Amino acid sequence: MKNVFVSFFLLLFVLISPNSVIHAQTGKSPSEFFGFEPGSDGNLFDYDQMIAYFRQLDEASPRVMMKEIGKSSMGKEMYMLFISSPENLAKLDRYKEINRKLALDWKMKDSERDSLVSEGKVFMLATLSMHSNEVGPTQSAPQIVYTYANTTDPEMLKSLDNVVFMVVPNHNPDGMKMVVDNYRKYKGTPYEGASLPGVYHKYVGHDNNRDFVTLTQQDNRVIAAIYNQDWFPQVMVEKHQMGSTGVRYFVPPMSDPIAENVDEGIWNWSWVFGSAMAKDLTSAGCAGVAQHYLFDDYWPGSTATAEWKNMVGMLTEAASVNGATPLYIEKNELRLSGKGLSENKKSINMPLPWNGGWWRLSDIVRYEIQSTWSLLRTASANRLQLLQFRNDMCRKEVQKGKTLAPSYFVVPLQQHDQGELVALVNLLHEHGVSVSRLKEDLVWNNKMMHSGDIIIPLAQPFRSFIKEVMETQTFPVRHYTPGGEAIKPYDITSWSLPLNKGLQSYEIPVVVPEIDSKLEAVPVPFTLLDKFTDHENGYWVFSSTNNESYKAAFKSIALGFSVKRTTADLTNKGKIIPAGSFIVPAAKGKSISILQDSLTISPEWFPENPDSSAVVVKMPRIALIESWFSDMDAGWTRYIFDQYHIPFTVIRPGDLAKKTFELNFDVVVFPDEDKTVLMEGKTKAGENFYPANYPPEFTKGMGKDGFQKILKFISGGGTVLSWGNSTALFDGMMSIKISETESEDFRFPFTNVSEKLQKSGLSCPSSLLRVKLLPGHPLTLGMQPEAGILTTADQVFQTSLPSFEMDRRVIASYPEENVLLSGYCLKEELLGNYAAMVWLRKGKGNLVVYGFSPQFRGSVPGIYKLLFNGLLLK
């Protein structure tokens, strides 16, 4: 084993450069500091150790600077390293300003632009190990930084002169701590290398790179600010890992389809960097390096929206091991796909195949070191072109906004949920988008536009991003052969912010000087909240149309206010406030202004009780069922509950049989999780079960006894909300045990017909579909007559006549035509008149099944009320 480590690190320095020699050591080497070679079998450093290591390099080396950039979701400090020549680091503020001007100033004269290009440096941002079980990129960082801090190699020094290398050494500090602690806990036991039970994040685990449009998670907001607001790098790379049995290393270019809003120049630069990496890695003997493999770049998630912000954005992926425990992979176990890759033979997309054998963390570290060196060398060699390209793109995107449709997106001020309008404006600002509003009314093309309406001009540098997130998505179908099999999307196919938020918007196709003359910048942060005037009597009413009214109601209950819900529409100064709105009485000594932090729009004030029949709202006692199997949907549910001040208790499936639900809870929530995981603690594909990669204490399902408790809870008066795959729990024959000798057999009056529809050709890879809602039902209070749901259509319901002590209502159903709102759906007409959401009554209780996630990745606030109303159902 010792010889393996020695050979690896001798090779490491050779790989970096044949002339790379380290003299007069600056700072401790990684092995001196950590007591082991990063990448060696069985060893991982943790986040605090890593930051301590970089702190001593920052103090010792004039080529390394470390800055705190924010906090993680759980409060850990996040840092970014700057690695460059001492002269460059001394002028960081100047280069930062040059970056800003090249990225955003389309009006500067050519002479000034040429001067800035000549003076500037390429800033390359690398974010490492966003997914915390993908440990290799972070574990390679100390050796990379140490080498650059100490090298005397002329080519590496030239790169440091031309490039400022910005590294976020770990994107997800909270998850890194969890994963490393878990690895150390089981090291040397039969469960060494076991997956982390639960999610490696406060909330969302592997879904954190699905959050770069909506920016709900704090660590993602910290990363996004680097390129949206602060440093404006020209190049960005995210470094990940993938499955163990595919290619060894993926480099750009990506697979089709790609985002059509992104300029062709961005894609061509990804070829330049990717081809250089493939060449350099292969030349260094790194086998199994592939391009055009698996990962598309259609959805704005895999590269943190970089390409949509005029950066050369890239992704690398290394084959994984079990933490720091190596794997031996037989050749017949390799599973590759894609053009020229399936046979694992020499091809244009993988000139040097890998034929199996031992695969170690040290291999991943070796590939990461070599790919980083290649990226920096390419950036250095193309310094002038990359800097000029950044400003060329700025100018080009602005010109497109002036000459190509659309010229503006308009979001009227008057919306069903004005709080979501405010949220949209503030989110766009966080993305670096300039947002304006009309100063006065005007008529254009027979359309009345009102003072205060939000106008987003497309003639600005981040035009492609604006267009991407404001328009309706149409998936760019690409085929392997003409008329043959279509290339399937890697992830979701729709992310339209107005549609997801339930907002009305429209496009104006041409530049209108009269509109431009009547625009003013929207103040940031944007709000429509008037300053509260406290009253010692009277009543505040929060409209049920607004999500934040639910937030105010839940927070008010927590603060001890009496909260009631209206049973009929109210009118105040000509404004209709619909049924289901919340009444909070003003009271002496209780200031409603404490709610201001939760609000962006103003409630209505009534001097007298506006609804004497309003019913008291009590906070339900909620049990949230979350498995240990990286249950991201449950994590997103926890996130939404926390944001809206909804208290809950997490219960694991294996603990269900021990709980007395009717005494302790009013509502049980089953997020999207497989039935077999919930019932048996096992994963299943087709007819086959597969062992979970967790120690046995984390692989327990609820079993028949636990499920009996759920059925009795419903029958006795409790409410269960279930969505996605968990709805299979309640589909089919049920039996409630009444006594030792007697049981009641029954079926809930619904069934999932999606398999039948898919056999007829239905295909819907996470698209936004239109549903009609049942008006006047407690579950649809505050909703519009129609809504958009993000769904794979894997749960499509058909109801049936109920039997004893049961009832049902279709709450959301698909229309007969025009089902697809955004994305991609084949044979959408097959969904016509089927149900997407059903309320069911059994005995005294309620079961609500959703064929979609009502909080999908924290990105669909237009349908949150379907969840909130479910929690308040009686």
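In the condition set (1) farther than 30 Å from E119 by Cβ; (2) in contact with a helix residue (DSSP H, G or I) (Cβ under 9 Å, 6 or more places away or on another chain); (3) outside any helix (DSSP H, G or I), E420 is compliant with all but (3). Within region 412-424, identify whether any single residue is crowded, with 18+ Cβ neighbours inside 10 Å, more than 23 Å from M108 (Cβ to Cβ) and polar (S, T, N, Q), and answer yes or no. Yes: region 412-424 contains one or more residues that are crowded, with 18+ Cβ neighbours inside 10 Å, more than 23 Å from M108 (Cβ to Cβ) and polar (S, T, N, Q).
Taking the numbered list (1) farther than 24 Å from S342 by Cβ; (2) open to solvent by less than 10 Å² (accessible area, probe 1.4 Å); (3) in contact with a Lys or Arg (Cβ under 8 Å, 6 or more places away or on another chain) in turn, T305 passes all entries but (3). Within region 176-214, the set of residues being on the phi > 0 side of the Ramachandran plot and touching a strand residue (DSSP E or B) at 6+ places or on another chain (Cβ under 8 Å) comprises just one member, G193. When S612 is tested against (1) in contact (Cβ under 8 Å) with a residue 12 or more places away in the chain; (2) open to solvent by 50 Å² or more (accessible area, probe 1.4 Å), just one condition goes unmet, and that condition is (1).
Among the residues of region 543-559, is there at least one that is of a type in the set (D, E, K, R), in a loop (DSSP other than H, G, I, E, B) and open to solvent by 20 Å² or more (accessible area, probe 1.4 Å)?
There is no residue in region 543-559 that is of a type in the set (D, E, K, R), in a loop (DSSP other than H, G, I, E, B) and open to solvent by 20 Å² or more (accessible area, probe 1.4 Å).
Note on region 454-534: enclosed strands (runs of 3 or more DSSP E) holding 2 or more residues that are touching a residue at least 40 places away in the same chain (Cβ under 8 Å) and under 29 Å from the mean Cα position of the chain (by Cα) are 454-457, 506-508. The set of residues in region 641-669 being in a loop (DSSP other than H, G, I, E, B), free of Cβ contacts under 8 Å to residues at least 60 places away in the same chain and not hydrophobic (A, V, I, L, M, F, W, C) consists of R652, K659, T660, D666.
Out of everything in region 724-769 that is of a type in the set (A, V, I, L, M) and exposed (fewer than 14 other Cβ atoms within 10 Å of the Cβ), what residue ends up being modelled with the highest pLDDT? Selected residue: M733.
Answer with yes or no whether E238 is open to solvent by less than 10 Å² (accessible area, probe 1.4 Å), modelled with pLDDT of 95 or more and not in a helix (DSSP H, G or I). Against the criterion (open to solvent by less than 10 Å² (accessible area, probe 1.4 Å), modelled with pLDDT of 95 or more and not in a helix (DSSP H, G or I)), E238 qualifies.
Counting only strands (runs of 3 or more DSSP E) wholly contained in region 670-750, the ones carrying 2 or more residues that are polar (S, T, N, Q) occupy 719-723. Candidates are the residues of region 431-448 that are open to solvent by less than 60 Å² (accessible area, probe 1.4 Å) and either without any contact (Cβ under 8 Å) to a residue 40 or more places away in the chain or within 24 Å of the chain's Cα centre (by Cα) (or both); the one that is nearest to D516 (Cα to Cα) is V435. Within region 716-723, is even one residue surrounded by fewer than 22 Cβ atoms within 10 Å (Cβ to Cβ) and of a type in the set (A, V, I, L, M, F, W, C)? Among the residues of region 716-723, not one is surrounded by fewer than 22 Cβ atoms within 10 Å (Cβ to Cβ) and of a type in the set (A, V, I, L, M, F, W, C), which makes the answer no.
For region 688-702, the criterion of a residue being closer than 22 Å to K842 by Cβ and surrounded by fewer than 18 Cβ atoms within 10 Å (Cβ to Cβ) is satisfied by no position.
Being surrounded by 21 or more Cβ atoms within 10 Å (Cβ to Cβ), of a type in the set (G, A, S) and touching a Ser or Thr at 6+ places or on another chain (Cβ under 8 Å) is the requirement here; does G788 meet it? Against the criterion (surrounded by 21 or more Cβ atoms within 10 Å (Cβ to Cβ), of a type in the set (G, A, S) and touching a Ser or Thr at 6+ places or on another chain (Cβ under 8 Å)), G788 qualifies.
May I ask you to say which residue of Q795, Q784 is out of contact with any Lys or Arg (no Cβ under 9 Å at 6 or more places or on another chain), part of a loop (DSSP other than H, G, I, E, B) and within 30 Å of F542 (Cα to Cα)?
Details: Q795 fails: within 30 Å of F542 (Cα to Cα).
One residue alone meets the criteria, Q784.
Among the residues of region 96-120, which ones are closer than 22 Å to P169 by Cβ and surrounded by 20 or more Cβ atoms within 10 Å (Cβ to Cβ)? Across region 96-120, the qualifying residue is only N99. The set of residues in region 267-297 that are open to solvent by 10 Å² or more (accessible area, probe 1.4 Å), farther than 24 Å from S244 by Cα and aromatic (F, W, Y) comprises W267, W269, W271. Is one or more of the residues making up region 643-665 open to solvent by 40 Å² or more (accessible area, probe 1.4 Å), among the charged types (D, E, K, R) and more than 19 Å from D705 (Cα to Cα)? Within region 643-665, not a single residue is open to solvent by 40 Å² or more (accessible area, probe 1.4 Å), among the charged types (D, E, K, R) and more than 19 Å from D705 (Cα to Cα). Would you call M108 at pLDDT 95 or above and in a loop (DSSP other than H, G, I, E, B)? Spelling it out, M108 is indeed at pLDDT 95 or above and in a loop (DSSP other than H, G, I, E, B). Got at least one residue in region 74-91 being at pLDDT 95 or above, among the aliphatic types (A, V, I, L, M), open to solvent by less than 10 Å² (accessible area, probe 1.4 Å) and closer than 30 Å to Q460 by Cβ? Taking every residue of region 74-91 in turn, at least one turns out to be at pLDDT 95 or above, among the aliphatic types (A, V, I, L, M), open to solvent by less than 10 Å² (accessible area, probe 1.4 Å) and closer than 30 Å to Q460 by Cβ.
The values are calculated or read from the model by the stated rules, or taken from the named source; none is laboratory data. Everything numeric in this text was worked out from a predicted model, so none of it was measured. Positions of Cβ are backbone-derived with ideal geometry, glycine not excepted, and every protein chain shown enters the neighbour counts. Side chains included, ligands, DNA and RNA excluded: accessible areas come from the protein's heavy atoms. Shrake-Rupley method; radii C 1.70, N 1.55, O 1.52, S 1.80 Å.
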